[in-house]
Amino acid sequence: MINLQPMKTSSRYLAFFTFVLLLSGFQLIKTTLHITVRDELGNIAEGATIQLFETEDDYLKEENVVAEGVSDKNGIAKFKELKAIAYYVIVRQDDKDNSGGGERTAELEARRINKVTIVIQ
């Protein structure tokens, strides 16, 4: 009679360690930012353009855009695979923008879906 118990146990360990190695190489949740854009009355702003900058200098010169997007029908733009830092933001729609408030996010939490609301006027 052949004892297969040691082989089953070692196969389980091998499967477990392979799973752990795979998980360590992949980040299940990327650092993400969801920006909701609203107008001064609190209405959602569909079609607003949004630009993200890493530095205040780039923001002021409007160069080296890190990410760019447009708000959807719910007023939301989603940005994925970002660094866990604070970003400078420019939001524009027609003659409205976010100057005078909401130009910088808080530092994003790594491997989380971070959410902010920006008001344009």
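Put simply, when 78-89, 45-56, 96-107 are sorted by average Cβ atoms within 10 angstrom per residue, most first, you get 45-56, 78-89, 96-107. For segment 46-85, with equal point scatterers placed on the C-alpha atoms only and solvent neglected, what are the log10 I(q)/I(0) values from the Debye formula at q = 0.14, 0.18 1/Å, to two decimals? Here the Debye-derived log intensity ratios amount to -0.34, -0.54.
Evaluating kT/(6 pi eta Rh) at 4 °C and 1.567 mPa s, with the Kirkwood radius of segment 36-121 over Cα pairs in the Stokes-Einstein relation, gives 100 µm² s⁻¹.
Summary of packing: across the peptides 60-73, 31-44, the per-residue average of other C-beta atoms within 10 Å ranks them, highest first, as 31-44, 60-73.
Where a number appears in this text, it was derived from the coordinates with a stated rule and is not lab data. Everything numeric in this text was worked out from a predicted model, so none of it was measured. Because the Cβ atoms are built from the backbone with ideal geometry, glycine has one as well, and the counts that use them run over all protein chains shown.
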